[in-house]
Amino acid sequence: MDKVEKVKKLSELFELVQYYYEYRDIPSKGNENFFSKVQDCCQALEIDFTEFKNEFKL
């Protein structure tokens, strides 16, 4: 993954975390799986998913 793709994935991950903090008490709509999207971003950025969840209290 090149630098531009990493920045885009990081941006997506940042938006997901913001979304979580804003809407965590509201049930998700549709078939979206929030944590699978976060996990995909973490894998692309080579970040430990479990540690990321713990650090950001997701």
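Near residue 2, once Lys and Arg are set to +1 and Asp and Glu to -1 for all other residues with Cβ below 13 Å from its Cβ, the sum equals +3.
The label-point distance for residue 33 and residue 19, in a model that sets each label 7 Å from Cα toward Cβ, rounds to 1.5 nm. What does a probe at residue 7 reach in the stretch 31-58, counting residues whose amide N is under 11 Å from the point 7 Å along Cα→Cβ? Correct set: none at all.
The calculated 222 nm mean residue ellipticity attributable to helices in the chain amounts to -22000 deg cm²/dmol, summing -39500 (n - 2.57) over DSSP H runs of n ≥ 4 and dividing by all residues.
Along the stretch 4-19 the Karplus relation, 6.51 cos²θ - 1.76 cosθ + 1.60 evaluated at θ = phi - 60°, assigns HN-Hα couplings of 5, 5, 5, 5, 5, 5, 4, 4, 4, 5, 4, 5, 5, 5, 4, 4 Hz to successive residues, with x for each Gly and Pro. For the chain, the per residue solvent-accessible surface stands at 83 Å², with DNA, RNA and ligands left out and a 1.4 Å probe. Karplus-derived 3J(HN,Hα) values for the stretch 37-50, using 6.51 cos²θ - 1.76 cosθ + 1.60 with θ = phi - 60°, are 5, 4, 5, 4, 5, 4, 5, 5, 8, 6, 10, 5, 4, 4 Hz; glycine and proline are entered as x.
The values are calculated or read from the model by the stated rules, or taken from the named source; none is laboratory data. If you're wondering where the values come from, they're calculated on a predicted model, not measured in any experiment. Counting neighbours? That spans all protein chains shown, and the Cβs are built from the backbone with ideal geometry, glycine included. Ligands, DNA and RNA are stripped out before the accessible areas are found, and what is left, the full protein with its side chains, is counted by its heavy atoms. Shrake-Rupley method; radii C 1.70, N 1.55, O 1.52, S 1.80 Å.
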